[in-house]
Amino acid sequence: MSLLNTSRAKSPWVVHYDCGSCNGCDIEVLACLTPLYDVERFGILNIGNPKHADVLLVTGTVNPRNERVLRNVYEQMPEPKVVVAIGACACTGGIFADCYNVVQGVDKIIPVDVYVPGCAARPEVIIDGVVLGIQKFEEKAAKMNSGNVKK
Amino acid sequence: MLVVLAIVLAPIIGGLLSGIDRKITARLQGRFGPPILQPFYDVIKLFGKERFISNKVQIVWVITYLFFAMLSFVLFVLGQDLIAIIFVLTVGGGAMVMGALSIRSPYSQIGAQREIMQMLAYDPLLLIAIVGMYMVTGSFKVDDIVNYQITHNAPLLYTLPLVFLVMIEVLTIKMRKSPFDIAASHHGHQEIVRGVHTEFSGPYLALIEIAHWYELMLVLGLVAIFFASNVYIALALVAAAFILELIIDNVTARVTFRMMLKSAWVYGMIICLINLIALSFLK
């Protein structure tokens with residue numbers, strides 16, 4: 001079991017969903033993949049397919065038009081999975097929180113495990129957020145095996 | 001005994017090779033890269049994921065794919081008929097395509113059609129290469145081809161240099177490397193998500209990965225028998241072909257399937273045939 005947990009920690013595949021961000025956080029997410037930060041050192045791959053992914057990175061404000069898509073992406077990911085909300089907009093709605101069409105945070109739609117603050121969030125903080133998420137895999141896996149997976 | 005060794009060692013070496021592949025690729029791109037053992041972490045992790053299936057048939061096709069990939073490598077190690085090995089390899093590839101076609105996802109469907117195109121591109125080339133080996137050694141069996149080279153001390157590379165060049169192209173297509181990574185869209189190019197692999201997740205994706213390792217070992221084995229008279233040179237040849245593959249992967253952009261078919265069927269075939277015609281005159 002410990003080998004499995006080590007492997008989980010060493011190979012988190014990431015899928016990135018942009019709910020309607022200004023692209024600031026998205027650029028910082030992609031910056032993590034560049035030679036300067038190179039998250040593939042830690043086995044992190046931007047896999048682009050929710051069915052293969054372990055970590056869902058959400059950026060931007062959720063609105064009633066795309067919450068269905070967000071939930072769909074989340075539900076297509078097999079357990080154990082972790083959701084990281086990146087940037088002020090994804091965490092709380094940010095400066096758009098009071099708009100009539102903005103949902104105040106990703107956690108109103110799907111369960112969020114890690115909140116990464118910032119506008120835009122820095123690549124270092126995003127990597128820290130994913131690492132925090134990785135630490136949650138063990139308890140998530142235990143929950144998955146005991147059979148009460150939160151959907 | 002040999003069979004057990006082949007079944008156990010092939011995925012270990014294949015996995016290490018793909019780890020080296022990722023490391024060298026990262027270095028070529030100016031990155032540090034993942035640890036060499038990364039593919040094993042990936043596969044173990046995938047085995048621990050929740051089982052998500054789109055339909056039950058896809059499990060059957062994945063297991064068929066793995067079985068035929070293993071079978072083709074075992075046949076190769078046992079020194080069997082090369083034509084039978086290629087046939088078994090193709091059946092495995094066909095199973096993968098059927099698995100992808102069994103799901104009504106556009107990415108999976110397009111990926112499957114492109115996979116068929118890839119098989120169409122490399123299969124004739126492999127067969128012509130084998131015919132070339134037959135013309136030189138008088139046998140289709142791996143055992144006889146190897147023995148001929150040892151007894152005559154005449155490596156196939158000397159008589160079939162152009163066929164060997166084409167084998168490098170086959171290696172690129174079979175390893176799903178750029179410029180021919182059209183079916184599974186490797187790396188960051190995700191216009192069809194993951195192509196044929198889109199709908200497979202968790203343990204089933206892990207089985208596909210292991211099947212790839214067997215296929216990789218088989219194709220590298222086919223490269224090795226071009227210099228079977230000397231084991232060390234054969235290993236050096238395989239290493240050189242593998243590193244050349246990685247460089248090609250990193251310096252080329254993806255081609256369309258038409259360009260792939262053209263390069264395989266027109267240029268590849270012509271180069272192969274020139275070699276074979278020259279061979280028939282020299283004999």
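No value in this document is a laboratory result; all are computed from the given coordinates. Here the structure is a predicted model, which means the values were calculated and not measured. Using ideal geometry, Cβ is built from the backbone for each residue, glycine included, and neighbour counts are taken over all protein chains shown.
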Please give, to one decimal in nm, the separation of the simple spin-label points placed at B:F47 and A:A97, each 7 Å out from Cα toward the Cβ.
4.7
Could you tell me the distance between the Cα centroids of the stretch B:33-110 and the stretch B:221-245, to the nearest Å?
25
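Take the cross-link list A:K51/A:K108; A:K136/B:K23; A:K10/B:K23 and give me the ones stretching past 21 Å between alpha-carbons. Spell out each step's value before the answer.
On the way: A:K51/A:K108 23 Å; A:K136/B:K23 28 Å; A:K10/B:K23 15 Å.
Long pairs (Cα-Cα over 21 Å): A:K51/A:K108; A:K136/B:K23.
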What FRET efficiency, computed as 1/(1 + (r/R0)^6) with R0 = 41 Å and r the Cβ-Cβ distance, is obtained for B:L261 and A:L30, rounded to the nearest 0.05?
0.75
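Report the antiparallel proportion of the DSSP beta bridges in the protein assembly as shown as a percent, rounded to a multiple of 5.
Details: 2 of 17 bridges.
Roughly 10 percent of the beta bridges in the protein assembly as shown run antiparallel, per DSSP.
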Where a label projected 7 Å from the Cα of A:C119 along Cα→Cβ would reach, residues of the stretch A:1-40 with amide N under 12 Å:
A:22
Cβ-based charge dipole, the protein assembly as shown, positive-most Cα from B:F68, A:A88, A:V69
A:V69
Which value in nm describes the separation of the simple spin-label points at B:A236 and A:R41, placed 7 Å from the Cα toward the beta carbon?
3.6
Sequence order, the stretch B:6-17: Karplus ³J(HN,Hα) from phi using 6.51 cos²θ - 1.76 cosθ + 1.60, θ = phi - 60°, Hz rounded, Gly and Pro as x, gives 4, 5, 7, 6, 4, x, 5, 5, x, x, 4, 4
With the cut-off at 17 Å, report for the stretch B:110-252 the share of all Cα pairs above it, as a whole percent.
64
Could you state the principal axis extents of the C-alpha atoms in the protein assembly as shown, from the largest down, to the nearest angstrom?
85, 41, 38
Pairwise over distinct Cα atoms, reciprocal of the mean inverse distance: report the Kirkwood radius of the stretch A:3-151 in Å, one decimal place.
15.3
Bridge orientation stat for the stretch A:2-146 from DSSP, antiparallel percent rounded to 5, came to 5
Would the stretch B:2-282 count as rounded, prolate or oblate if I go by the C-alpha gyration tensor, calling it rounded below 1.5 in a/c and otherwise prolate when a/b exceeds b/c, oblate otherwise?
prolate
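Counting partner chain Cβ atoms within 10 Å of every residue's Cβ in A:46-54, what's the average? Don't jump to the answer; show the numbers that get you there.
Details: counts 3, 3, 8, 11, 4, 13, 11, 1, 3.
Average per residue, whole number: 6.
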Charge dipole (the protein assembly as shown, unit charges on Cβ, about Cα centre) - positive-most of B:V8, A:G133, A:P50
A:P50
GNM result for chain A, Cα springs below 10 Å: residue of A:V29, A:V83, A:V102 fluctuating most strongly:
A:V102
Report the chymotrypsin sites (Phe, Trp or Tyr not before Pro) located in the stretch A:48-151 that are in a DSSP loop and have at most 10 other Cβ atoms inside 10 Å of their Cβ, or state none.
A:Y100
